[in-house]
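Step one of this worksheet: look at the structure below.
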Amino acid sequence: MTIKTVPVTPFPDQRPGTSGLRKKVSVFRAPGYLPAFVQSIFDALPEAVGESAAGKTLVLGGDGRFFNDEALQIILRIMTANGVGRIVVGRDGLLSTPAASAIIRKYRAFGGIILSASHNPGGPDGDFGVKYNIANGGPAPERVTEAIFRHTRRIAAYRTVEAAPVPLDRISTTRLGSLAIEVIDPVCDYAELMERIFDFDRIRDLFRSGFRLRFDAMHAVTGPYAVEILEGRLGAAPGTAVNAEPKPDFGGQHPDPNPTHAADLIDAIAEPNGPDFGAASDGDGDRNMVVGRDCVISPSDSLAALAANAQLVPWFKDGLPGVARSMPTSRAVDRVAAALGIDCYETPTGWKYFGSLLDAGRIALCGEESAGTSSNHIREKDGLWAVLFWLNILAVRREPAAAILAAHWRRFGRHFYARHDYEAVPTQQADRLIERLRERLPLLPSQRFGAHTVREADDFAYTDPVDGSITPHQGLRVEFEDGARIVYRLSGTGTEGATLRVYLERFEPDPARHQFANDAALASLAASAAIVADLETMIGRSGPSVVA
Ligand code: VG1
Ligand code: CO
């Protein structure tokens, strides 16, 4: 097989963001764009992880979105030309992000490439993404992504081979030059791992007792996993998993499991004879939404409740060594950790920052406000796992989810919480807003904004307690005398302009006030957030585009 060297001019915009490189499909399809990035991964590995991928095993798969098939074939040819020894790829090129992480670990692979833009819309006008994961199964840490970025800046050529498309539709092993391409069932290894973690017998009993679940796969990658595990192995009624067939354009919808994009699910659970519990996951299956009757459980509350109930799950029967949350995530889980007498770590946004804590055994459960939760079973967030965790709790406690949450708040207090997103802000305006606020941080303490007086304000910098690496500028935090908090940061996953995220949080210890509506409970803080950052003047917006 002859290796071709194809000259390419560097693309200046290939710096990976919060979770890999994400761009419009049209950008990825520009001649040389995808090959330049993938070649840069291979070029960077010797320096970034100390070894090249030559002769090694890599895992490959994606969420099945538009361009997945074409991209897979391009990548397989580049992998061949770069001397990779063996590729483990999901049938039809499909692997959910958590399954890819599980498979990297199970096969002791050197790493993997995951093709996804997560919850962003797909289709020819939608988004695409490429992410490199390391041998622990987790997203490459920043020193690796930065090395990849440096290589994208100076790449001169990529290596590839000429070959017919490799068939990926059957469980088989094909050879492409010296590369062995092993097509595996994308679901099986993952389902077995779930059986080792949760009490499947108890959950089967729950379904046998008449408990009804609706799981919305949002036409994304989790469908086949949900059908096999929920209906196949746990005995949930056929049809429990809806929108379960992965589609390249996600059925024209936005595969983002939140109350806006999964409104159908919330409505279905609210029906008089609706199911007892609802759940959904995102494009690549790493996010989750959980809905009880009369209650949408916020991701931050979910993390706290899972921590408080962890010992009901066989995997955690000996308790948790510690927990972690991303900085903007509400501090509800901190209260649980304090009550359990375990450590609680605060990391920057993005799953890559949990990896070292999980590897070191300092934590076994972690999560983000953006609907991501997971544990030490893999090194990615895991949508279906979170749903099974809730089912395991419901199967043991036999109480409605709303009652479990209300009891949780009575014991620990409630953190009212919301994220306000200002999307498609011109990048310069967004940068200026952050810069200006950063300069003003030292002046804020003791100033009063609306009903709230600032106690302290800082620019969050993270020192990884395991490897000592420092990551500065991870969000501006403003904390008030009454314990309320506002965080400002810019998204690192968008593909159009900038998205300003404003995170609002207020603690309420009084159970008599726990049933207040979230919006109303946060209204005065939202007003203060607009004044502190001078939102209207700086970006010309009088309100957020999305409230999550
Ligand atoms: C967002 C979320 C973050 C999450 C990331 C990837 O990042 O805020 O918590 O880890 O998406 O999730 P940002 O930089 O846009 O705020 V996923 O499901 O897209 O892999
Ligand atoms: Co995702």
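Read the figures in this text as sums done on the coordinates, not as results from a lab. Source: prediction; values computed, not measured. For neighbour counting, all protein chains shown are included, and Cβ atoms are generated from backbone atoms with ideal geometry for every residue, glycine included.
Along Cα→Cβ, 7 Å out, is where each label goes; now give me the distance between the ones at residue 523 and residue 496 in nm to one decimal.
Label at residue 523, label at residue 496, 3.2 nm between them.
Can you sort 301, 13, 92 by how many other beta carbons sit within 10 Å, fewest first?
The order, fewest Cβ neighbours first, is 13, 92, 301.
So if I place +1 on the C-beta of Lys and Arg and -1 on the C-beta of Asp and Glu, and nothing else carries charge, what would the dipole magnitude of region 300-426 be about its Cα centre? I want it in debye, nearest 20.
420
Would you please give the FRET efficiency between residue 537 and residue 15, computed as 1/(1 + (r/R0)^6) with r the Cβ-Cβ distance and R0 = 30 Å, to the nearest 0.05?
0.50
Pairwise over distinct Cα atoms, reciprocal of the mean inverse distance: report the Kirkwood radius of region 1-144 in Å, one decimal place.
Its Kirkwood hydrodynamic radius stands at 15.1 Å.
At a Cα cut-off below 22 Å, give the lysines reachable from residue 56, other chains included and same-chain residues fewer than 8 away excluded.
4, 106, 131
Roughly how many debye, to the nearest 20, is the charge dipole of region 376-474 about its Cα centre, given +1 on each Lys and Arg Cβ, -1 on each Asp and Glu Cβ, and no other charges?
For region 376-474, the charge dipole is close to 660 debye.
So if we plug the beta-carbon distance of residue 481 and residue 260 into 1/(1 + (r/R0)^6) with R0 = 45 Å, what FRET efficiency do we get, rounded to 0.05?
0.85
In whole Hz and in residue order, list the ³J(HN,Hα) couplings for region 9-18 that follow from phi through the Karplus curve 6.51 cos²θ - 1.76 cosθ + 1.60, θ = phi - 60°; x for Gly and Pro.
8, x, 9, x, 10, 9, 7, x, x, 4
What is the sum of charges around residue 407, taking Lys and Arg as +1, Asp and Glu as -1, for the other residues whose C-beta is under 11 Å from the C-beta of residue 407?
Result for the local shell: +2.
So how much slack lies between residue 106 and residue 359, counting 0.36 nm per residue of separation and subtracting their Cα-Cα distance, in nm?
Full extension of this stretch gives 89.6 nm more.
Exposure proxy check: 119, 377, 473 ranked by fewest other beta carbons within 10 Å?
Fewest to most other Cβ atoms nearby, the residues stand as 473, 377, 119.
Tell me the net charge near residue 516. Cut-off is 15 Å between Cβ atoms, residue 516 excluded, with +1 for each Lys or Arg and -1 for each Asp or Glu.
-2
For region 1-66, what is Rg from Cα atoms divided by 2.2 N^0.38 Å, rounded to two decimals?
Computed over Cα atoms of region 1-66, the ratio equals 1.25.
Would you mind working out the magnitude of the charge dipole of the chain relative to its Cα centre, with +1 at each Lys and Arg C-beta and -1 at each Asp and Glu C-beta, to the nearest 20 Debye?
In total the dipole reaches around 780 debye.
Please report, in Å, the Rg and the Dmax of the chain, where both are computed over Cα atoms only.
Rg and Dmax of the chain, Cα atoms, are 23.0, 73 Å.
So for the chain, taking the charge dipole from beta-carbon charges (+1 Lys/Arg, -1 Asp/Glu), which of 279, 57, 222 sits furthest toward the positive end?
Farthest along the dipole direction, towards plus: 57.
Quick one: net charge around residue 471, please, counting Lys, Arg +1 and Asp, Glu -1 for every other residue with C-beta under 9 Å from its C-beta.
With Lys, Arg at +1 and Asp, Glu at -1, the neighbours total -2.
Measure out, as a whole number of angstrom, how far apart the alpha-carbon centroids of region 357-390 and region 88-164 sit.
Spelled out, the Cα-based centre of one part sits 20 Å from the other.
Given axes a ≥ b ≥ c from the Cα gyration tensor, I'd like to know whether region 360-436 is rounded (a/c under 1.5), prolate (a/b larger than b/c) or oblate.
Prolate shape, in that a/c is at least 1.5 and a/b is the bigger ratio.
Among 149, 200, rank each residue by its count of other Cβ atoms within 10 Å, from fewest to most, as a rough exposure measure.
149, 200
What residues of region 24-62 lie in the reach of a label at residue 125, counting those whose backbone N is under 15 Å from a point 7 Å from the Cα along Cα→Cβ?
24-27
Quick check of the Kirkwood formula: for region 75-144, what is the inverse mean of 1/r over all pairs of different Cα atoms, in Å?
13.1
Quick one: work out the % antiparallel among DSSP beta bridges in region 454-505, nearest 5.
100
Looking at the chain, send over the antiparallel percent of its DSSP beta bridges, to the nearest 5.
Bridges in the chain that DSSP calls antiparallel: roughly 70 percent.
Please work out the FRET efficiency for the pair residue 428 and residue 245, using the Cβ-Cβ distance as r and a Förster radius of 35 Å; give the result to the nearest 0.05.
That gives a FRET efficiency of 0.25.
Taking θ as phi - 60°, what are the ³J(HN,Hα) couplings along region 210-218 by the Karplus curve (6.51, -1.76, 1.60), each to the nearest whole Hz, with x for Gly and Pro?
Calculated HN-Hα couplings, in order: x, 4, 10, 10, 10, 10, 9, 7, 6 Hz.
For region 71-87 and region 270-316, write down the distance between their C-alpha centroids in whole Å.
For region 71-87 versus region 270-316, the Cα centre distance is 38 Å.
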